[in-house]
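Have a look at the structure below before the remarks.
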Amino acid sequence: MTARELSVPGLAYGGDYNPEQWPEEVWAEDVRLMREAGVNMVSVNIFAWALLEPSQGSYDFSRLDRILGLLQENGIAADLATPTAAPPAWFFRAHPEALPVDKDGRTLSYGSRQTFCPSSPAYREAALRIARVLGERYADHPAVVMWHIHNEYGCHNGECYCDTSAAAFRVWLRKKYDDLAALNHAWGTTFWSQWYYDWDEIIPPRPTGAVPNPTHQLDWRRFCSDALLSLCEAERAVLLEAAPATPATTNFMVMYNFDKLDYWRWAPELDIVSNDHYLQSTDPESQIDIALSGDLVRSLAGGRPWLLMEHSTGAVNWQPVNRAKTAGELRRNALAHVAHGADGIAYFQWRAAKAGAEQWHSAMLPHAGTDSQIWRDVVQLGADLRALAEVRGSTGVAEVAVVWDWSSWWAVELPSQPSEEVRFQDLVRAWYEPLWRSGVAVDFVRPDADLSSYKLVLAPSLYLVDDEGAANLTGFAERGGVLAVGFHSGAVDENCHVRLGGYPGAFREALGVRTDELFPLLPGESLGLSDGGTAELWSERVALAGAEAVTSYTSGPLTGVPAVTRHTHGTGTAWYVATRPDPTTLASLLDRIREEAGVRPVRTTPEGVEAVLRRGPDADYLFLINHGDEEAEVEVAPQALELLTGKGLAEGGGPVRVAAGDVAVVREPR
Ligand code: GAL
C-alpha cells in the first residue's frame, strides 16, 4: 500500500468551515479573510447531510460544488467530511428504530446531532450511501486533499443500550469466545448465578439491582468502541474505493475525560491521525493536558506527525462556565500542539455562529468581526505557522515510555473496586507532570509495544494486563531497562480475573515484593513517609521479597511498611510506587528514577518554560514556550536560528530570550 499523505504544503492551518450556516454573500468575505490569515485548509461538510440529501436518495450537491469551487479558486484545500455525524430528521422518521437508547432505557430523540444507534443497519446503510455518493462525486476534485470521516465518533453516542445493540453485542461476543462455556468462564458467571445457557440470554449491562458483572461491563466497553470503529472502517472502505489516493482521517478526542474509544485499535485504520483538544476551564495548568494529549496522539500515530483538527480560539460553550483565553494563550496553545508533533492546526470553527446550539462558542472570526483580539491573534498565528513550515515531518525524541491502555482504564474505574477514588487519567497526569516540568520527552505505549528504543518505562496505572503485556514490561527491566510501576497494577488479567498469590499480581516477581492486603485511603486522609513526604489515596501491606524499601510509612496502620521499593531484576531495575506520594515527593522520586535510567531532559529551562524537541533530517527544532510571568533565557546550539522572528542567534550559541508568555522555536543544525 502506498502511503497516502496530506498534500498541503508546510503546516496546515484552518478550521471547520460551515458556510451553509450563512447566506452566500458572506462566502466571498470568508475566503478573502482566510487568505488574509494564511488559512490553507478547511474542513467542510461535517454537518451538511440534511442539505445534501433532502430526502432519501435525492441529492443536492450544488451548494457543496460552489463551496469547493470557491475554495479551489482561492488556493484553499478542503478536508471533505462525510456528513454522517448528523443524520437528517427524515431519516429518523423513516427509521425510529435507529435512535439510540441510553443506559436508563430512554430512547433519545433526534433534533441534535450524533443521536443514532451505532449498530443500526438502517443508519449504516444510509451513512455508507451518502459516503459513497460523496466519494464518487468529489474523488478527483482538485480542492479535496483529505477525507474527514464522520466527526468525533462516540462524542455523544459512545454507548447505546437498545435491542439492536444487544444483538450486535452478542454477535461480537460469539466472534470473540466462539462457545458459550468460554464466555461463562471468562466472565466468571458462576458468581451470583449468572451462567448463560443461550447466547440470546445475554444483554447489555443495563442498570440492575446490584453491581453488574465486571467482565460483562468490560467486554461491553470494548464492543462499543468496536461498533463505532466498524462504521469508520466501512466508510473508509467506500472512500478508498472511490478515491484510492486520497488520505483519510477521523478526528479523535484524546483529552481529559473522554474514554469511549480504544484509539490504539483505531489509529492503524487511518492514513492520518488527527485530534480535537479543548481546555477544561477548571484546570489551572491546561498546558500540561495539551502536552500529554499531544504526546499520546503522536504515539497513536506511530511517532509520525498528526493534525490538530479542532481546538478553540477562546471560550467553548459546553462547560458550566466557559473561560476565555488570556493574552498570548491562543498562540501558546497552538504552538504547543505543533511542538508535540502536530503538522497542522485547526479550530472549531471558522466563523462564529449566529444561531444554533454553538452560538456562544468562540471561532477564528468572532461575532465582533476583524476588529477583535481573537482575529488579530488568528492572523498572527497564520504568520507563525508559515514561519515554521520546515518543521513539517519532524518527529519526537523520547527516551521515556508511559504505558497507556484503554481496557485497563475502563477496568480500574468499574464499580466495586477497592476505591472509587482511583482515576486512571489523574494518575497518569500525576506522573507525567514532573516529567513535563523537567523537560523530559515522553511517548505513550501499549503494554505489548516494542520498548527497545526506551531507557525508562513507566506504568502509573496498569490494573489490567494480559500475560504478554506483563512479560513485555518485566522483560524490559530484565534486559537492563528501568521500569516503574504504580500501585494496583498487574492486579487482574484481560478478563478481569484477579491474579492470585498476592499483589501486584503480574509484576510481583519483577518488583520483588508481595502485598497481602490493600489499604486504600479515604478522601483527605494522608500518611507520613520516611523521606518527609506524604502518601495519599492508597496504601498496601507490601512485604519485601528481594526488593529494598526506598520509602516507608511513618504513620497509620502500616507504619514501617514499604511505600516505594526498588528491585534489581535481571540486568535492570524495577520500582514499585505503592501509593500516591504528594506531588513534590513524586517529582523527586521520578527524578531519581530517570537519572538512574540515564534519561536527560531535552533542555534545562527556567521554571514555567516548556522545552520540546522535534527532530528533522538535518536539524532539531527546539520549541520554548514560556508559560511563566518572567522573561527566560535558554542556552541553544551554535548557528541556531529563531524561526518565528527569523533572527540568527549569537555566534557560538545562545542564549535565546523568551519573553513572559511568549514562544520561541529554534532551529539547531545537527
Ligand atoms: C467538538 C465538535 C465540534 C464542536 C466543538 C465545540 O466536540 O467536534 O463540532 O461541537 O466540539 O467545542
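Read the figures in this text as sums done on the coordinates, not as results from a lab. Keep in mind that what you see is a predicted model, and the values were worked out from it rather than measured. Methodologically, a virtual Cβ is constructed for each residue, glycine included, from the backbone with ideal geometry; neighbour enumeration extends over all protein chains shown.
Where does the chain land at 222 nm, in deg cm²/dmol rounded to the nearest 500, when only DSSP H runs of n ≥ 4 count, each adding -39500 (n - 2.57), divided by all residues?
-9500 deg cm²/dmol
Placing unit charges on C-beta atoms (Lys and Arg positive, Asp and Glu negative, everything else neutral), compute the dipole magnitude of region 142-249 about its Cα centre in debye, rounded to 20.
200
Sorted from fewest to most neighbouring beta carbons within 10 Å, what does the list F487, F424, F169 look like?
F424, F169, F487
What is the Cα centroid distance between region 233-299 and region 155-201, reported in whole angstrom?
What the calculation gives is 28 Å, centre to centre.
Assuming a ≥ b ≥ c are the square roots of the Cα gyration tensor eigenvalues, decide whether the chain counts as rounded (a/c under 1.5), prolate (otherwise, with a/b larger than b/c) or oblate.
Oblate shape, in that a/c is at least 1.5 and b/c is the bigger or equal ratio.
Can you find, among L231, A430, F191, the residue sitting farthest towards the positive end of the charge dipole of the chain, where Lys and Arg contribute +1 and Asp and Glu -1 at Cβ?
L231
Using the crude model of +1 on Lys and Arg Cβ and -1 on Asp and Glu Cβ, and no other charge, please compute the dipole size for the chain relative to its Cα centre, in debye to 20.
My answer is approximately 420 debye.
Which listed residue (W306, I288, S489) has the Cα farthest towards the positive end of the charge dipole for the chain, taking +1 on Lys and Arg C-beta and -1 on Asp and Glu C-beta about the Cα centre?
So the residue furthest toward the plus end is W306.
Output wanted: per-residue J couplings in Hz (rounded whole) for region 118-134, from phi through Karplus 6.51 cos²θ - 1.76 cosθ + 1.60, θ = phi - 60°, x for Gly and Pro.
x, 9, 5, x, 5, 5, 4, 5, 5, 5, 5, 5, 5, 5, 5, 4, 5
What is the local net charge at V665, summed over the other residues whose Cβ is closer than 15 Å to its Cβ (Lys, Arg +1; Asp, Glu -1)?
+2
Which whole-Hz ³J(HN,Hα) couplings does region 262-267 yield from phi under the Karplus relation 6.51 cos²θ - 1.76 cosθ + 1.60, θ = phi - 60°, glycine and proline marked x?
Result, rounded to whole Hz: 8, 5, 4, 7, 7, 3.
Could you list which residues have their amide H under 5 Å from that of L365, counting only those 5 or more apart in sequence or on another chain, with H placed in the peptide plane?
Under 5 Å from the amide H of L365 lie the amide H atoms of R351, A352, each far enough along the sequence or on another chain.
Counting only residues 5 or more places away or on other chains, whose amide H sits under 5 Å from the amide H of V144 once H atoms are built in the peptide plane?
A78
Once Lys and Arg get +1 and Asp and Glu get -1 on their Cβ, which of W406, G532, V561 lies farthest toward the positive end of the dipole of region 400-597?
Ranked along the dipole, the leading option is G532.
What is the sum of charges around L385, taking Lys and Arg as +1, Asp and Glu as -1, for the other residues whose C-beta is under 11 Å from the C-beta of L385?
Once all neighbours under 11 Å are counted, the net charge is +1.
What shape does region 400-597 have by the C-alpha gyration tensor, where a ≥ b ≥ c are the square roots of the eigenvalues, rounded means a/c under 1.5, and otherwise prolate means a/b greater than b/c and oblate the rest?
rounded
Packing-wise, with mean Cβ within 10 Å as the measure, how do 621-631, 176-186 rank, highest first?
Averaged packing, sorted descending, gives the order 621-631, 176-186.
Identify the chymotrypsin sites (Phe, Trp or Tyr not before Pro) of region 188-245 meeting these criteria: DSSP loop state and at most 16 other C-beta atoms within 10 Å of the C-beta.
Here the sparse-neighbourhood loop sites are W195, Y196, Y197.
Evaluate the charge dipole of region 609-669 about its Cα centre and quote only its size in Debye, nearest 20, assuming +1 on the Cβ of each Lys and Arg and -1 on the Cβ of each Asp and Glu.
Taking the Cα centre of region 609-669 as origin, the dipole is about 280 debye.
Classify region 592-670 as rounded, prolate or oblate from the Cα gyration tensor: take a ≥ b ≥ c as the square roots of its eigenvalues, call it rounded if a/c is under 1.5, otherwise prolate when a/b beats b/c and oblate if not.
Here region 592-670 falls in the oblate category.
What number comes out for the charge environment of P214, summing +1 per Lys or Arg and -1 per Asp or Glu over other residues with Cβ under 14 Å away?
-3
Give a residue-ordered list of calculated ³J(HN,Hα) values for region 409-418 (Karplus: 6.51 cos²θ - 1.76 cosθ + 1.60, θ = phi - 60°; whole Hz; x for Gly, Pro).
Computed from phi, the couplings for region 409-418 are 4, 4, 5, 6, 9, 5, x, 6, 7, x Hz.
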